[in-house]
1. Take Ser119 and decide whether it is among the hydroxyl-bearing types (Ser, Thr, Tyr), more than 27 Å from Thr28 (Cα to Cα) and at pLDDT 90 or above.
2. Looking at the range 101-110 only, could you name the residues that are surrounded by 15 or more Cβ atoms within 10 Å (Cβ to Cβ) and of a type outside the set (Phe, Trp, Tyr)?
3. Looking only at the range 30-79, filter to residues that are over 14 Å from Phe9 (Cα atoms) and among the hydroxyl-bearing types (Ser, Thr, Tyr); which one of those is farthest from the chain's Cα centre (by Cα)?
4. So in the range 33-49, with the set limited to residues that are in a helix (DSSP H, G or I) and in contact with a Ser or Thr (Cβ under 9 Å, 6 or more places away or on another chain), which one is surrounded by the fewest Cβ atoms within 10 Å (Cβ to Cβ)?
5. With the checklist (1) farther than 29 Å from Tyr2 by Cβ; (2) of a type outside the set (Val, Ile, Thr); (3) not in a helix (DSSP H, G or I) in hand, flag the one item Asp63 doesn't pass.
6. From the list Tyr87, Tyr122, which one is among the aromatic types (Phe, Trp, Tyr), surrounded by 14 or more Cβ atoms within 10 Å (Cβ to Cβ) and farther than 18 Å from Val18 by Cα?
7. Considering only residues that are surrounded by 15 or more Cβ atoms within 10 Å (Cβ to Cβ) and without any contact (Cβ under 8 Å) to a residue 24 or more places away in the chain, which ones fall in the range 50-71?
8. Is it the case, given these coordinates, that Tyr79 is over 21 Å from Ser23 (Cβ atoms) and at pLDDT 95 or above?
Amino acid sequence: MYEKFLKFFIKFCGIIEVVIGISLIFITPVFEMLNLNTIPLPNQLAGVGLALLGFLLFYSARDLDKYQIILIASLLLRYIMPIFEIYAAITINSLMVMLIGASIYDLVSANLTLFLLKSNGYLSFKSNN
């Protein structure tokens with residue numbers, strides 16, 4: 001039904017995650033300007049992981065049936081991340097706006113992706129054998 005929009009949206013989310021991932025790799029100077037002590041390695045690892053997930057999401061739009069596990073993993077990640085983002089927003093006041101925005105993005109994109117996947121029959125979990 002909305003398959004063309006679903007593929008566009010998955011590619012769009014993939015691009016957003018690549019951009020945010022690359023930004024996380026180089027976020028240490030921003031933290032230093034905010035007087036937040038940080039170790040660059042966890043930010044860089046999270047950035048690389050997010051960028052790679054973005055590439056996988058973008059690629060999975062080619063064949064949603066074949067790469068469905070990538071979409072499910074992305075959904076799970078997007079539903080779990082707001083827990084940690086909201087906790088961090090409460091404990092690190094200077095990042096509250098950014099982290100609340102990230103939580104909203106994660107929840108909205110996860111819900112829209114889930115709706116589109118269900119609407120197009122990709123989450124029926126029926127065996128093709």
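1. no
2. Taking the range 101-110 as the starting set, the residues that turn out to be surrounded by 15 or more Cβ atoms within 10 Å (Cβ to Cβ) are 102-103, 105-107, 109-110.
Correct list: Ala102, Ser103, Asp106, Leu107, Ser109, Ala110.
3. The selected residue is Thr38.
4. At the first step, the residues of the range 33-49 found to be in a helix (DSSP H, G or I) are 33, 40-49.
Adding the requirement that they be in contact with a Ser or Thr (Cβ under 9 Å, 6 or more places away or on another chain) leaves 40, 43-44, 47.
On the way: Pro40: 14, Asn43: 18, Gln44: 16, Gly47: 20.
Filtering first and then ranking leaves Pro40.
5. Only one criterion in (1) farther than 29 Å from Tyr2 by Cβ; (2) of a type outside the set (Val, Ile, Thr); (3) not in a helix (DSSP H, G or I) is unmet by Asp63, namely (1).
6. Working: Tyr87 fails: surrounded by 14 or more Cβ atoms within 10 Å (Cβ to Cβ).
Criteria check complete, one pass: Tyr122.
7. Matches in the range 50-71: Tyr67, Ile70.
8. Against the criterion (over 21 Å from Ser23 (Cβ atoms) and at pLDDT 95 or above), Tyr79 qualifies.
The values are calculated or read from the model by the stated rules, or taken from the named source; none is laboratory data. Since the structure is predicted, the reported quantities are computational estimates derived from the model, not experimental observations. When we count neighbours, we look across all protein chains shown, and the Cβ atoms used for this are built from the backbone with ideal geometry, even at glycine.
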